[in-house]
Structure formats: structure tokens, C-alpha cells
Amino acid sequence: MVEERFKKPTLLGELLAEFAGTFILIIFGVGVVAQVVAGGLGDHDSIAWAWGLGVVFGIYVAARISGAHLNPAVTLALAVFRGFPWRKVGPYALAQTLGAFTAALLVRWVYNDVLTAFDPGHTLNSQGVFSTLPGNGALPVSVGTAFLDQIVGTAILLFLVLAVTDLRNTAPGANLAPWIIGLIVVAIGFAWGTNAGYAINPARDFGPRLASFITGYDTAWRDQYGGLYFWVPLIAPLIGGVIGAALYDLLIGRSLPLAPAEQEPGRTPTEPEADKARAHEFADNVAADTTAETTTETRGETTRG
């Protein structure tokens, strides 16, 4: 009974994995922004690479148990297009947000001296450490452009994540997939970081935003124009994720062969599953060849007889 329970994680186990994986993601992501913005050590490249590596390590932590969504936009897209249970969508999103919130609190605590020295009033000057702003709080980017940017950035993310994890496609094994997905996030950071800070993840933005608010940032919910902004990185990525997944299925998925082996929705592809599929295919081919040879020999015996 105990062995079977560990083989198939409970919902609680999956939620704890999502919490832990997202915690790891944010520890590196928000931590590097604090280091660059408030500490003056590093640059945008540092930020992009640390966020990508945070994704890699977060996936390694959670993938075997929960599929390592680490992002409500991923969870929603998998529910819409990959059969992920709808009853788990809300709990997964909550666990992801709590993981991000807790990690941001830790960063806020550890970097408190640096943040206070850099921005004693805890204003928009350092708000960007925890959450995103249009034009990163400095460039004249409209809220509408930021909203569109988040849709496009998250659509790119989901399109490529589905390509990487689709066993019918040229999917890497489980040991390599986290690195490819991390590189996707690095590339998005390099190319799509100007307009809105590439949140592309509601939990990543809302959790740290809430953490900053309860620790002294009264500007947490607003942008540099004074308007409420928190809803943009909360809603736009959900829309973008569904669009990206739909485009993948429309442009790529519909033309791929049938999957060699069924897999639970939302899981990272694993080598044993791929090996099992190849083994079944090999066994089927051997059986077919053996049958053909036996039939030929039988016909030969009949002819000689």
C-alpha cells in the first residue's frame, strides 16, 4: 500500500511539488533582479540567464511528481488542449502563486539592507525587483502594448514548450527537456524583455507583487502612470498561453503521427517511456518478421512436399 502510494502521487504531493518548483524558480529570478537593480551587480543578460536557470532547476524539482507546470498559463493551456484535469487547475495555480510569494518574501528579507539603501522609500524605483511594469517603469510603453506583449510572449512560450514535450515530435528525454525549456525562457528574455518585463507567468508576477505589498511597497498594484496594472501580467499570459497551444496544435500537432505511447497529460517526456515505446515497436517488428519467415518456410515445405 505504501509503495503504491509513492508510485502515484496524491494531489497534495503534486501541489507541494508545484509549490517547491515555483519557489526555486522565483528564488533565482527575483533574486537576480534584486542583485542587478538594487545591488548594481550584473546586467540584463544576468537576469535572462538566471530566470532561465531557475526554470531548469524548478522543473528538475517538480517534473516527476506534478509535471512541473510552475505557471498557471501552462496549467490552463494543458487543461484546454491536453486533458489535464480541470479540478486541478485552481489548486495548481494557487500552489504556484504561494511558491512564488514565499520565495519573494525570502528575497525581500535577505536583500532588505540593499533594497533600503537603494530605495529608502520602497517606491517604483525598486518595485521592478518583484513585479513587472510597462516599459520596465522607465520607457514610454502603454498598458495596451504591455498587454499585447504578454499575450505574444506567453504564446511563444507555450508553442515551444509543447513542441519540446510532444512525444510525437522530436522531444528530448526528461534529463534534457528542462534545459531546453530553460533556454526558451532565456531567449524570450533576450528578445521580449523591453515592453513589459516578460512576466509570461501570472504566479511569477502576482506572488512577488503581493509579497512586496505586505512588506512596504504601497505602489505594488500600480504602474508609473498611476493606474492599476497588476491585472495585465495576471490575465494576458492566460490568454497568450491558450493561443500558443492552439497554434501549436493547428500548425504542427495536426500533422504529427499518432503517439507511440500514451502519457498522462502535463508530464515531462521521460526516457523510460520513450525506450518502452521503442521496445514495443522493435518487438512488433521482430514478431512480424518471424511470422513472415515462418509463413515462407511453411509454404516452402508444402511446395517440396
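The values are calculated or read from the model by the stated rules, or taken from the named source; none is laboratory data. All values derive from a computational prediction rather than experimental measurement. Glycine gets a Cβ as well: all are built from the backbone with ideal geometry, and neighbour counts include every protein chain shown.
Structure notes:
- Among residues of segment 219-244 that are within 18 Å of ARG82 (Cβ to Cβ), those with a beta-carbon under 6 Å from a residue that is surrounded by fewer than 24 Cβ atoms within 10 Å (Cβ to Cβ) at least six positions away or on a different chain give the pairs ILE239/ILE151; GLY240/ILE151; VAL242/VAL80; GLY244/PHE159.
- As a summary of the residue check, ILE180 satisfies the conditions (1) without any contact (Cβ under 8 Å) to a residue 60 or more places away in the chain; (2) of a type in the set (A, V, I, L, M); (3) assigned to a loop (DSSP other than H, G, I, E, B) except for the one numbered (3).
- Failed criterion for VAL89 (all others in (1) buried (at least 17 other Cβ atoms within 10 Å of the Cβ); (2) in contact (Cβ under 8 Å) with a residue 24 or more places away in the chain hold): (2)
- With respect to (1) among the hydrophobic types (A, V, I, L, M, F, W, C); (2) under 14 Å from the mean Cα position of the chain (by Cα); (3) buried (at least 20 other Cβ atoms within 10 Å of the Cβ); (4) in a helix (DSSP H, G or I), the lone exception for ALA50 is condition (2).
- Any hit, segment 204-211, residues being within 18 Å of GLY67 (Cα to Cα) and either of a type outside the set (Phe, Trp, Tyr) or touching a residue at least 12 places away in the same chain (Cβ under 8 Å) (or both): yes
- Checking each residue of segment 235-253 against the condition of being at pLDDT 95 or above, more than 17 Å from the chain's Cα centre (by Cα) and of a type outside the set (A, V, I, L, M, F, W, C) gives at least one match.
- Screening segment 53-141 for helices (runs of 4 or more DSSP H) wholly inside it with 2 or more residues that are of a type in the set (A, V, I, L, M, F, W, C) returns the ranges 72-81, 89-110, 112-118.
- Checking each residue in segment 196-243 for being over 12 Å from SER131 (Cα atoms) and in a strand (DSSP E or B) picks out only LEU228.
- Those residues of segment 142-176 which are part of a loop (DSSP other than H, G, I, E, B) and either of a type in the set (A, V, I, L, M) or buried (at least 20 other Cβ atoms within 10 Å of the Cβ) (or both), in sequence order: LEU167, ALA171, ALA174, LEU176
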